[in-house]
Amino acid sequence: PRLSENFKQEIVLNDQLLTRHSQVLITGEAGMGKSTFAKDICFEWSQGENHQNGIPIYIDLKSSSFKKTENAIYFYIIHQYFEPKQDWMVLDFLEQNPSQYYFILDGFDELTKSEKGLLIEELETYSSNVKFMIFSRAYGFQDFGYPARTLYFICGLDLVAQKQFVKSCLTEISDSLDQSSLLTYIHSHTVLSHLARSPMHLFRLVSLAAKTKSYKILQAITSGIEMKQ
């Protein structure tokens, strides 16, 4: 996937965003790969392939308990990654070493407005310069202001990425469909061409074509919702 900064400049989506900005907001439509990218950052770090300075700490915000505690992020980390007896060590690390980690906060749109406020307040208790990447669908930012922070919008898969994606899908699910002819057919239809920018929708298009051994079933699709049905 690619991202456009302030909807003007396109850049390649990678783990180097925080070298340009310490606090980044990333948005996109459903199925564009926000959560996949968030988890991939952590996976690459665990494999020694992430060149970003610091330890990524993945937080699934929809699983956080802001309604039960004021320190939801801290308790999430303890519960998810450590033993209870290590809680003092975690808190000390968060407060004393803010330059050595960054938060990967996934699912911001799952929070209420008050929970979003509690999240930001907690992050700032660790450091006013705490580093984070917040992932959300676009409507998640509509009721919450973010002055002086950078917003990126996921544009989706370009043509090269679509070819690689379709090749990978067909390798897994079918050997009877031709990759080039399938993509040519998809891009000959305005709606299908738009849907193909989303990894989730493109996988569904390939799966439908592979299941029916033809492209005819794709002719009737006029929206992402209709395709899902």
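Within segment 121-131, can you find the residues that are part of a loop (DSSP other than H, G, I, E, B) and open to solvent by 10 Å² or more (accessible area, probe 1.4 Å)?
First, the residues of segment 121-131 that are part of a loop (DSSP other than H, G, I, E, B): 127-131.
Those that are part of a loop (DSSP other than H, G, I, E, B) and open to solvent by 10 Å² or more (accessible area, probe 1.4 Å): S127, S128, N129, K131.
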**OP:** Determine which single condition F66 fails, assuming it passes every other condition in (1) of a type outside the set (S, T, Y); (2) out of contact with any Leu (no Cβ under 8 Å at 6 or more places or on another chain); (3) in a loop (DSSP other than H, G, I, E, B); (4) crowded, with 18+ Cβ neighbours inside 10 Å.
**Re:** (2)
**OP:** Could you tell me whether any residue of segment 210-220 is open to solvent by 70 Å² or more (accessible area, probe 1.4 Å), touching a Gly at 6+ places or on another chain (Cβ under 9 Å) and in contact (Cβ under 8 Å) with a residue 12 or more places away in the chain?
**Re:** no
Original post:
When residues of segment 97-150 are filtered for being under 24 Å from G31 (Cβ atoms), modelled with pLDDT under 85 and not aromatic (F, W, Y), how many remain?
Top reply: 3
**OP:** Go through segment 132-161 and give me each residue that's open to solvent by less than 30 Å² (accessible area, probe 1.4 Å) and either of a type in the set (K, R) or not in a helix (DSSP H, G or I) (or both).
**Re:** F132, M133, I134, F135, S136, T150, Y152, I154, C155, G156, L157
Original post:
When only residues in segment 81-124 that are in contact with a Gly (Cβ under 8 Å, 6 or more places away or on another chain) and among the polar types (S, T, N, Q) count, which is nearest to W45 (Cα to Cα)?
Top reply: Q100
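Matching residues to (1) free of Cβ contacts under 8 Å to residues at least 40 places away in the same chain; (2) open to solvent by 20 Å² or more (accessible area, probe 1.4 Å); (3) of a type outside the set (S, T, Y):
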site: D60; (1), (2), (3): no, yes, yes
site: E70; (1), (2), (3): no, yes, yes
site: I73; (1), (2), (3): no, no, yes
site: H79; (1), (2), (3): yes, yes, yes
site: E83; (1), (2), (3): yes, yes, yes
site: D92; (1), (2), (3): yes, yes, yes
site: P98; (1), (2), (3): yes, yes, yes
site: D106; (1), (2), (3): no, no, yes
site: L119; (1), (2), (3): no, no, yes
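Determine whether segment 49-61 contains at least one residue that is assigned to a strand (DSSP E or B), farther than 16 Å from T150 by Cα and either over 15 Å from the mean Cα position of the chain (by Cα) or at pLDDT below 90 (or both). Outline the logic, then answer.
Taking segment 49-61 first, the residues assigned to a strand (DSSP E or B) are 55-60.
Filter once more, keeping what is farther than 16 Å from T150 by Cα: 55-60.
Narrowing the set further to residues that are either over 15 Å from the mean Cα position of the chain (by Cα) or at pLDDT below 90 (or both) leaves 55.
Within segment 49-61 (the criterion being assigned to a strand (DSSP E or B), farther than 16 Å from T150 by Cα and either over 15 Å from the mean Cα position of the chain (by Cα) or at pLDDT below 90 (or both)), the answer is yes, since at least one residue qualifies.
For segment 40-47, does any single residue satisfy the condition of being exposed (fewer than 15 other Cβ atoms within 10 Å of the Cβ) and farther than 26 Å from F153 by Cβ?
Checking segment 40-47: at least one residue is exposed (fewer than 15 other Cβ atoms within 10 Å of the Cβ) and farther than 26 Å from F153 by Cβ.
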**OP:** Provide a single number: the residues in segment 166-205 that are of a type in the set (D, E, K, R), open to solvent by 70 Å² or more (accessible area, probe 1.4 Å) and not in a loop (DSSP other than H, G, I, E, B).
**Re:** 2
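The values are calculated or read from the model by the stated rules, or taken from the named source; none is laboratory data. Please read all numbers here as calculations on a predicted model, not as lab measurements. Neighbour counts run over all protein chains shown; Cβ positions are idealised from the backbone, glycine included. Accessible surface areas use protein heavy atoms only, side chains included; no ligands, DNA or RNA. Shrake-Rupley method; radii C 1.70, N 1.55, O 1.52, S 1.80 Å.
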